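Worksheet: the structure to be examined is printed underneath.
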Amino acid sequence: MRTPVVAGNWKMNGTRASVSELLAGVKQGQPPSTVETVVCAPYPYLPQVEAALAGSGIRWGAQNVSEHAAGAYTGEVSVAMLQDFGCSHVILGHSERRSLFAEQDPGIAEKFVAVTAAGLTPILCVGETLEQREAGATGQVVEQQLMAVIQRAGVAALAGAVLAYEPVWAIGTGRTATPEQAQAVHAALRARVAQEDAAVAAKLPILYGGSVKADNAAELFACEDIDGGLIGGASLKADDFLQICRAAAA
Ligand code: PEP
């Protein structure tokens, strides 16, 4: 039995005032205790998130991190800094980081190693573009993204991780993968991990991300290998995010 996870990716959105309102709404709505609920905030708001959520049972994290421990890396943020603000999770390899900031599998794998070595939970994102899907390359693309990390970090490092399947064509587009499309990729990802270690595969939470909304979450989360969601736009509205958390508990 895997604990469902619902993680909000706020992306580069928010002000002190809107973060305060959003956190108050999520806290007041009390996401189900049977769902691991996480919010991944922009760096400047992490102290505010920590102050608001400490002791609430809701966890928080960041959307990226440096693979380096400390030093002359202007503009970067280390794993230890995230820990200093109580972060438990870090999104790694989001498609926006891959496409807009040229992140590639080897660097993402280094970040994965740094995050797991410190005991934080990476949310590793994999997913194909529309062109890749139409070319029939979905399985090959996501397997390559996954295996780059397994080969560098070892399959045992996945024991403390979360995997997120996020088809690029579904992120922020309003076009969601059908439950059948998503389940097929999730099952293939789990089977690939099982080839390396069946016990790790059985326990690995695999989240779906890509235009998950309050009205489509339940049918996605009902699929056998979909263990919750990574939520972008809908995580910015407390009521929508809470409904998605409740759908994961059902
Ligand atoms: C995301 O940013 O990870 C995401 C899934 O976004 P959205 O839910 O807005 O498609």
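Readers should treat all values here as calculations from the given coordinates under stated rules, not as data from a laboratory. Just so you know, these numbers come straight off a predicted model, no measurement behind them. With ideal geometry, Cβ positions are generated from the backbone for all residues, glycine too; neighbour counts draw on all protein chains shown.
Worth a mention:
- Largest GNM mean-square fluctuation across D227, D105, D215, computed for the chain with C-alpha springs under 10 Å, falls on D215.
- FRET efficiency, Q151 to A198 (Cβ-Cβ, R0 25 Å, nearest 0.05): 0.85
- Share, in percent, of DSSP beta bridges within the chain that are antiparallel, nearest 5: 0
- Placed amide H near W60: partners under 5 Å, 5+ positions off or other chain: V39, S88, H89
- Total charge dipole magnitude, the chain, about the Cα centre, Cβ charges on Lys, Arg, Asp, Glu only, Debye to nearest 20: 400
- Alpha-carbon centroid distance for the pair segment 40-101 / segment 149-173, whole angstrom: 17
- By the count of neighbouring beta-carbon atoms within 10 Å, fewest first, I226, I244 end up ordered I226, I244.
- The trypsin sites (Lys or Arg not before Pro) found in segment 1-66 that occupy coil by DSSP, while having at most 15 further C-beta atoms within 10 Å, are R2.
- When the helices of the chain are scored as -39500 (n - 2.57) per DSSP H run of n ≥ 4 and the total is divided over every residue, the value at 222 nm lands at -13000 deg cm²/dmol.
- Ellipsoid equivalent to segment 167-250 - semi-axes via the Cα gyration tensor, in Å: 23, 14, 10
- For segment 5-249, convex hull volume per residue from C-alpha positions, Å³: 116
- Selected from C40, C87, C223 as most flexible by GNM, with the chain as the system and alpha-carbon contacts under 10 Å: C223
- With neighbours defined as other Cβ atoms within 10 Å of a residue's Cβ, the residues I171, I231 order from fewest to most as I171, I231.
- Stretching the chain fully between A222 and T34 yields a gain of 66.1 nm (0.36 nm per residue, less the alpha carbon separation).
- Residues D225, D197, D239, arranged from fewest to most other Cβ atoms within 10 angstrom of their Cβ, appear as D239, D197, D225.
- Stretch in the chain that is longest and holds no GluC sites (Glu not before Pro) that DSSP places in a loop and that have at most 14 other beta carbons within 10 Å: 77-223
- For segment 79-125, the set of chymotrypsin sites (Phe, Trp or Tyr not before Pro) satisfying both a DSSP loop assignment and a count of at most 14 other C-beta atoms within 10 Å is given as F101.
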